[in-house]
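Every number here is computed from the coordinates shown, using simple stated rules; none is lab data. Since the model is a prediction, treat every value here as computed from it, not as a measurement. All Cβ positions, even for glycine, are placed from backbone atoms using ideal geometry, and neighbour counts span all protein chains on display.
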There are 2 protein chains.
Amino acid sequence: MTEQNWRLAIKWNNDGLIPVIAQDSDTGTVLMMAWMNEDALSETIAKQEAVYWSRSRSRLWHKGETSGHVQKVKDILLDCDGDTLLLKVEQIGGIACHTGRENCFFRSLDAQEWKINTPVKKDPKDIYG
Amino acid sequence: MTEQNWRLAIKWNNDGLIPVIAQDSDTGTVLMMAWMNEDALSETIAKQEAVYWSRSRSRLWHKGETSGHVQKVKDILLDCDGDTLLLKVEQIGGIACHTGRENCFFRSLDAQEWKINTPVKKDPKDIYG
């Protein structure tokens, strides 16, 4: 397929976005879920580092632009329906979450409580200054 | 937290849904992404098997109800923002995708083409009859 055609395989939602799962390519840990629009995906491919669309800030978000914790892209995968991307990445600094944890899924449902199962690796104050 | 409170930690989107990543609890393979509404999550917890909200069919979807390829729930995790769930599961039958593959992310972007990187394990005709 030409460049034009591979883009057509992607089904953007009504806001022009697609959910993107970021997974550590070495450990298999699911790091986070974020969103891309077409520009974000183009930037991700160009930089070979994850660039998302920040819905809260309504702008492109080069992950790690402040913290240095960029995500080096190892593989970009599309699901059967064409409506979800899986990004396999090398997580620089070993910290994907703004809370200073390795990954964002640090709350586990246990007897009707969310229990925190992942320690903070670095104080966010030391990450973001 | 009481049952009431743990539910309040979840941020449903404007359609009352939350994206759910299903990951094989043994291998770490990301199997698929689907959606839950509050009823689907309640059913998932009650059955300890994944029950999603099918957006295309507008009904609860007990994954594997036709194929037998149910997903036994091992862990339910919530991300830092409360807007994505990660379900760690045992994938019965080893097939999560309706195409008969282990997982739905079988297309990999390679030189501006989607290349299929995962074989079909079982013909869908033999799964769904």
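Tabulated data for the structure shown
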{"item": "Within chain A, longest stretch free of exposed trypsin sites (Lys or Arg not before Pro) [DSSP loop, at most 16 other beta carbons within 10 Å]", "result": "A:58-120"}
{"item": "Long pairs among A:72/B:74; A:11/B:11; A:11/A:125; B:11/B:122; A:47/B:72; A:47/B:88, criterion Cα-Cα beyond 28 Å", "result": "A:72/B:74; A:11/A:125; B:11/B:122; A:47/B:72; A:47/B:88"}
{"item": "Principal-axis tilt of helix B:38-47 within chain B, Cα atoms, nearest 10 degrees", "result": "80"}
{"item": "Kirkwood-Stokes translational diffusion coefficient of the protein assembly as shown, alpha-carbon pairs, 20 °C, 1.002 mPa s, µm²/s", "result": "114"}
{"item": "Anisotropy class of region A:41-129 from Cα gyration tensor, a/c 1.5 cut", "result": "oblate"}
{"item": "Residue mean of other protein chain beta carbons inside 10 Å, A:111-120", "result": "3"}
{"item": "10 Å Cβ neighbours from other chains, averaged over peptide B:82-88", "result": "4"}
